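As structure tokens, the structure follows; a few thoughts come after it.
The values are calculated or read from the model by the stated rules, or taken from the named source; none is laboratory data. The shown structure was predicted, so the numbers you read here are calculated from the model rather than taken from an experiment. Methodologically, a virtual Cβ is constructed for each residue, glycine included, from the backbone with ideal geometry; neighbour enumeration extends over all protein chains shown. Side chains included, ligands, DNA and RNA excluded: accessible areas come from the protein's heavy atoms. Shrake-Rupley method; radii C 1.70, N 1.55, O 1.52, S 1.80 Å.
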Amino acid sequence: MQIGTLLRSIQFFGIADSARAIRYAILRDRLDRDYQQMASKDPAESQSPGPLKWSREIPHGIELQFEHTSLELVFLARDVLRISWKPGELPIPYAIIGNAWPGDWIQLEQGQGGLVLKGSQLRVEISNDGRLKIHNLEGSLLRIENPPVHTGESWEQTSPLDPQACIFGLGERACGWNLRGGTYQLWNKDPGGSYGLGHDPLYMSIPVYMCMQPQGHYLVFYENPYRGEITIEDATKVQFERGALRSYFFHGSPEHCLDRYTQLTGRPPMPPRWSLGYHQSRWGYKSQDDIREIAESFKKHDLPISAIHLDIDYMDGYRVFTFREDRFGAVLELSQSLQEADIKLVTIIDPGVKVDRGYQFFQDGLQKGMFCTLPNGRPMLSIVWPGWVHFPDFTDPNVRTWWGDCYPQLLDRGVTGIWHDMNEPTAFAPWGDKTFPLITQHSFEGQGGDHLRAHNLYALLMNRAGFEALKKFKPERRPWLLSRAGYAGGQRYAWNWTGDVETSWEALRQTVATMLGVSLSGFAYTGSDVGGFSGAPDPELYLRWFQLGAFTPFFRTHSAMGTPPREPWTFEEEILQATRSLLQMRYRLMPYFYTLAWAAHQKGTPLLRPTFWVDPDDPTLWEIVDQFFLGPDLMLAPVLNSGELEREVYLPSGSWYELWDDSIFAGPGVRTIPTDLTHIPAFVRGGAILPLEISPTELELHLYLPDEGEIRGELYSDEGDGYLEYRLDRISGSRQEKLIQLTRTNEGDYPWPYTNTVLTLHGAKISAVELDGKDWVSEETRIQTPLFDEIVIELA
Ligand code: GLC
């Protein structure tokens, strides 16, 4: 152990808990040694599939028996292929939901040196030694999978890459953008303290990646939750320590691939509208009075806010589902007064349950056998914030219910949202892997399994327990959960934030790539601690981070214990004013965010999208990562370097309007855009209709005129929570020279929520307007409109 680590640990946890952490690490090492010895009793031989013995057609696919291993190939749909190599157990399908796949017709042919499986969109050549070549019907070779190697219980598979191919995803990574040229661990991990560029792995590993390449894009998901590793160089080389080697291949544009992938692993539910607002947090708010003061200061400084988070200090000795009565005894009154100001209370919950004979929840869990155990049947003892803890075994359905049944203890005190932390799962240990001994036993719905199998699923299942509890106890409300760790399918239950990122410019730059990678891994909602978790951002860095946060799905300032306060008013007036106008812009954009949430819910489309989204086939866009899209119409170019007062921005083809001052630029091409401290370059696509809310009853529809051609916009509205009616208004039309014609259609029965709607034109002045067949008055660029079906605008 390094002396520095020890000192840091004593500073944070005190001498007694540091000593316990050392004891824990020694115990874990001993158990892990036993585990390794058990696993390596018979040195195993590596086996390739060997020659093909027989094959047979099965519904929508084929089954093949090679000498050593077997393979099943099934077309779930014409563009989705499931590839399963055995031996090894197939996973309990925690990650996936969609089994109702249409399949595809197939045709089997004898090819040169193997078989050919043809579907309506893909053709797979299966060589007699187990190599797969996946082609599209135009004949382009999309992917090669070399025969996988099975050693003992592990699998290894390589897949050569096109020299131009770029790889993105793998969940949460802090390793640049294009993942080629690196090795990544598939093992959820708290980096400890804070992390910066190059730290791997982080809290949420997902074995899913997107490949952008000239001959056609694809996404591959390995449904194997075991510990693994993936190296991405001239080829991808993936290894899993156990389980069957099952993967899914999805073909098409990134948007299509994510639609299909989330058809398989689930889409995020519609979030409550408040969650898209601003969240304020800090590890170090010590009492209900602190929180009240924070809320009052937001009001006093005219800063809109939607939620305040309580970190671990609200608990009584870090006992989950308790409140420290001396400081948070009046939390119900607090939450009620926050509620009056439209601010929700969110509390953190960690999975570790304090070992304490006088603590009812612990006693109950112990009696009912709710905790993960060691092979001798005794609960596994570990250490986190409360000192010694036992961890619930979320792979057991009874534990999920038992755990969830405690959520009313938070909900009944007025808590609305829940923040799950430390669920990689993390245990404090001054050296080695900060998690459970691998020998730890889990139920797996009664099947049994060890921690190597359960680790990456732990957060997914904790989040499932929390999500199901929120639905059960507040059925009229939409659950809102935030989680640090996760796995494939976790988007069904919780939002992601990027954890304890360090406070630095480099970390700010990396954060854009990290969030885009998370987005391409199926999590539509992500965000980072504004200002970085660990340090004291100077005003410039804080503001630049705030500017990024204002355009990310989850927008929260949060920081570590002991860092200086960083609420907007703790900075000088210029910064305070800038944060105010950003917050105002965020709230004006709410209908846009909310409409994007609907798209994510319908099709899994992430809110944040890499630049290549506009034209996936243009390779010059694949590696751009210092700018990104929020939805289809807003492109952000955050300032990511200190002192930068201009930056280069790639503008895709078409016309682009600066959001702040309406200057118009024509793409495609790179432009140098001036900026100042209080703004980041932000562009609206010509042809877009951007809905901006002035108040709950006043809406502005901003029409950014294209030079020529298509105009479209969408607006989703509902109550903001619950499950009642909704409406989706679509406005579409076109510009032909000086004439604009727009038609509105809608679905859903929710009444139009706005009493006052203004259509504002950008890029030209109005000469005449006809609304639903009648002449209509207008100003130079503004038209007060009732809900129209058709509008014709003649430009001056
Ligand atoms: C972890 C979380 C951080 C939180 C802290 C204390 O480090 O990532 O957000 O403030 O624990 O609960």
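By average Cβ neighbour count within 10 Å, what is the ranking of 539-545, 756-762 from highest down? Intermediate results must be reported in sequence, preceding the final value.
Values: 539-545: 21.0, 756-762: 18.6.
Ranking the peptides 539-545, 756-762 by packing returns 539-545, 756-762.
To the nearest 10, the accessible area of Val80 is 0 Å² with a 1.4 Å probe. By the rule of a C-alpha distance below 13 Å, with chain neighbours fewer than 8 residues away ignored, the aspartates and glutamates paired with Lys237 are Glu145, Glu156, Glu229.
For the pair Ala16 and Arg78, what calculated FRET efficiency results from E = 1/(1 + (r/R0)^6), where r is the Cβ-Cβ distance and R0 = 56 Å, to the nearest 0.05?
In this case the efficiency is close to 0.35.
Rg over Rh for region 223-278 works out to 1.12, using Cα positions for both radii and the Kirkwood form for Rh.
Let me know the shape class of region 641-796, please: from the alpha-carbon gyration tensor, a ≥ b ≥ c as square roots of the eigenvalues, rounded when a/c is under 1.5, otherwise prolate if a/b is greater than b/c, or oblate. Cα axes put region 641-796 in the oblate bin. For Lys738, the lysines whose Cα comes closer than 26 Å to its Cα, not counting residues fewer than 8 places off in the same chain, are Lys765, Lys774. The protection proxy used here, the mean number of other Cβ atoms lying within 10 Å of each residue, ranks peptides 277-288, 400-411 as follows, highest first: 277-288, 400-411. A straight chain from Glu540 to Val792 at 0.36 nm per residue would run longer than the Cα-Cα distance by 86.1 nm. For the residue pairs Lys86/Lys133; Lys86/Lys368; Lys189/Lys474, the alpha carbons lie more than 28 Å apart in Lys86/Lys368; Lys189/Lys474.
Between Gln784 and Trp101, how high is the FRET efficiency from 1/(1 + (r/R0)^6) when r is the Cβ-Cβ distance and R₀ = 35 Å? Nearest 0.05.
Details: r = 49 Å, r/R0 = 1.41.
Here the calculated transfer efficiency is 0.10.
Per residue, what accessible area does region 509-612 have, given a 1.4 Å probe and all protein chains present, in Å²? Mind dumping the intermediate values first?
Numbers: 2130 Å² over 104 residues.
Using a 1.4 Å probe on heavy atoms only, each residue of region 509-612 averages 20 Å².
Classify region 61-167 as rounded, prolate or oblate from the Cα gyration tensor: take a ≥ b ≥ c as the square roots of its eigenvalues, call it rounded if a/c is under 1.5, otherwise prolate when a/b beats b/c and oblate if not. Rounded, because the longest to shortest axis ratio a/c is under 1.5.
Please sort 486-498, 209-221, 557-569 by packing, taking for each peptide the average over its residues of neighbouring beta carbons within 10 angstrom, highest first.
Numbers: 486-498: 26.9, 209-221: 21.8, 557-569: 17.8.
Result, highest mean first: 486-498, 209-221, 557-569.
Per the Kirkwood formula applied to alpha carbons, region 354-486 shows a radius of gyration over Rh ratio, Rg over Rh, of 0.96. Taking Cα centroids, how far is region 600-639 from region 677-740 in Å? Result: 18 Å between the Cα centres. With a simple spin-label model that places each label point 7 Å from the Cα along the Cα-to-Cβ direction, the separation between Leu374 and Lys765 comes to 8.3 nm.
The base-10 log of I(q)/I(0) for the chain, evaluated at q = 0.06, 0.11 Å⁻¹, reads -0.39, -1.30 [Debye formula, identical scatterers on Cα atoms, solvent excluded].
Relative to the present Cα-Cα distance, how much length would full extension add between Glu506 and Met561 at 0.36 nm per residue of separation?
Details: separation 55, 0.36 × 55 = 19.80 nm, distance 2.18 nm.
Going from the current span to full extension adds 17.6 nm.
Ligands, DNA and RNA left out, the accessible area of the chain computed with a 1.4 Å probe is 48% carbon and sulfur.
Using 0.36 nm per residue and subtracting the Cα-Cα separation, the extra length available between Glu698 and Thr755 on full extension is 19.9 nm. The residues neighbouring Ile664, those whose beta-carbon lies less than 11 Å from its own, together hold a net charge of -4 under the Lys/Arg +1, Asp/Glu -1 convention.
Using a ≥ b ≥ c from the Cα gyration tensor of region 514-616 (square roots of the eigenvalues), is it rounded, prolate or oblate, where a/c under 1.5 gives rounded and otherwise the larger of a/b and b/c decides, a/b for prolate? Since a/c reaches 1.5 and a/b is larger than b/c, the shape of region 514-616 is classed as prolate. Extending 7 Å from the Cα toward the beta-carbon at both Glu737 and Leu108 defines two label points whose distance is 6.4 nm. For region 145-210, applying the loop criterion from DSSP together with a ceiling of 15 other beta carbons within 10 Å to the GluC sites (Glu not before Pro) yields no site. Dimensions of region 659-701 from C-alpha coordinates, computed as largest minus smallest value along each principal axis and given longest first, are 39, 28, 11 Å.
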